[in-house]
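Everything on this sheet refers to the single structure shown next.
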Number of protein chains: 2
Amino acid sequence: MSHMGYSRLMAVDRDHVLRTAAALLTRKSTATMDEVAKAAGISRATLHRHFAGRDALVRALESLGIAECEAALDAARLDEGPAADALRRLVRETEPAAGLIAFLYTENQLFEGDERNDGWARVDDRIAALFRRGQESGAFRIDLTPAWLTEALYGLLTACAWAVTEGRVAPKDFTHMTVELLLGGALRQDASPREES
Amino acid sequence: MSHMGYSRLMAVDRDHVLRTAAALLTRKSTATMDEVAKAAGISRATLHRHFAGRDALVRALESLGIAECEAALDAARLDEGPAADALRRLVRETEPAAGLIAFLYTENQLFEGDERNDGWARVDDRIAALFRRGQESGAFRIDLTPAWLTEALYGLLTACAWAVTEGRVAPKDFTHMTVELLLGGALRQDASPREES
DNA sequence: CCACGGTGAGACATTCATGTCTCACATGGG
DNA sequence: CCCATGTGAGACATGAATGTCTCACCGTGG
């Protein structure tokens, strides 16, 4: 490990492969190992040298996703300032990883019987703690449990990531759409709605 | 077609098979045709007699899901009364089909290249029209587009359905958690939050 | 210059879900 | 009673994705 530079025939960058695979599997969750290798610009043999199999690749993606979530959690400084602002920062920091999170959130249904990566428990706990803090400070309503708000955050991130890829939401609106719906909901709060019908 | 009654060895009820398959695939989206047949109490041969293949089964489930959505849309009477109340009725009517919707919402990623069942366009339009009506009446905020609110509804239904199956949300709270988050968001509106930190 | 490590390409066997077929059997109607 | 229909069980072939292996090649470092 002296130069860190690499031509197209040098040692494969594990991180580059993982991020390429994440980008591909985000769009097509059933992509073949061959397609993943092609997307990363390497051969299937080399891909298999770095990740023993598809399971290992998905597990590595899971670890990457957890790491990115924790990095976003760190960068958002959830303990500082109003909980609502902390949540806004969290969503903003999470946006680059939203596609990967969407893939893992829907793929996790496959790991039902197996042992669950306990990294998710750590991430879930930190997010739930933010919602709990907001409830205790009086900023968040208490009839929605922190566990549900955490799941709702995952769900909205996933929905908005897909909506962006399908062109239903503009990429620049990702953070606004996600965080505003999660925080304020669809109802207007400022004005009294005029009755209809 | 005289009696419509059937013993356990008589003609298989297509609707029963579909609903059993929906319930199974909701929990395990990768279930094999053999597992689907076992769950429905029939043999794989019989299952294949009714649905030419897995694709045909998923398509039939898609049609069932669209039909249930349209039935819920009809029952919710979206044109009557305040839009917020109409949305509450819609979520309540949709709850029984939430698992199936969750399966289709995540499985639809697989039908990217193929032709899309235009039934979803009808459902999407009716839901988006509800949100638009709410915006025009002044009840819903206008910075969240109807298309995004529609996607968010799907996403929250899916997230809440999964949260219920995983025990993170009580089944009886399904409608409340979903509709209250979608309408009101996480923030308290009545009281001014006391500042923290 | 040469040996070594990492890679690409391809062949090959394996596994698994699927699609298809046959046969035996139970039920219900004529 | 006997036949038609629909079913269950199982065998079989197919296709796709995967896992494993070999071989040739290239660049690096000695």
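The values are calculated or read from the model by the stated rules, or taken from the named source; none is laboratory data. These numbers come from a predicted model, not from an experiment. Cβ placement follows ideal geometry from the backbone for every residue including glycine, while neighbour counts extend to all protein chains displayed. Only protein heavy atoms, including side chains, enter the accessible area calculation; ligands, DNA and RNA are left aside. Shrake-Rupley method; radii C 1.70, N 1.55, O 1.52, S 1.80 Å.
Given the structure, is residue B:121 open to solvent by 40 Å² or more (accessible area, probe 1.4 Å) and either under 20 Å from residue A:182 (Cβ atoms) or in a helix (DSSP H, G or I) (or both)? Considered against the rule, which asks whether it is open to solvent by 40 Å² or more (accessible area, probe 1.4 Å) and either under 20 Å from residue A:182 (Cβ atoms) or in a helix (DSSP H, G or I) (or both), residue B:121 comes out as yes. Going by the conditions given, is residue B:39 touching a residue at least 12 places away in the same chain (Cβ under 8 Å), open to solvent by 20 Å² or more (accessible area, probe 1.4 Å) and within 16 Å of DNA strand D (Cβ to nearest atom)? It is true that residue B:39 is touching a residue at least 12 places away in the same chain (Cβ under 8 Å), open to solvent by 20 Å² or more (accessible area, probe 1.4 Å) and within 16 Å of DNA strand D (Cβ to nearest atom).
Can you find even one residue in the stretch A:57-76 that is away from chain B (no Cβ under 14 Å), closer than 20 Å to residue B:30 by Cβ, surrounded by fewer than 20 Cβ atoms within 10 Å (Cβ to Cβ) and within 11 Å of DNA strand D (Cβ to nearest atom)? No, the stretch A:57-76 has no match at all. Taking the stretch A:153-192 as the range and being of a type outside the set (Lys, Arg), assigned to a loop (DSSP other than H, G, I, E, B) and within 19 Å of residue B:188 (Cα to Cα) as the test, the residues that pass are A:185, A:186, A:189, A:190, A:191, A:192.
Put simply, of B:30, B:26, B:20 the only residue that is within 14 Å of another protein chain (Cβ to nearest Cβ) and more than 11 Å from DNA strand C (Cβ to nearest atom) is B:26. The combined condition, being of a type in the set (D, E, K, R) and buried (at least 18 other Cβ atoms within 10 Å of the Cβ), is not fulfilled by residue A:116. Note on the stretch A:144-153: residues that are more than 7 Å from chain B (Cβ to nearest Cβ) and open to solvent by 30 Å² or more (accessible area, probe 1.4 Å) amount to 1.
The one condition from (1) under 14 Å from the mean Cα position of the chain (by Cα); (2) more than 9 Å from chain A (Cβ to nearest Cβ); (3) not hydroxyl-bearing (Ser, Thr, Tyr) that residue B:162 does not meet is (2).
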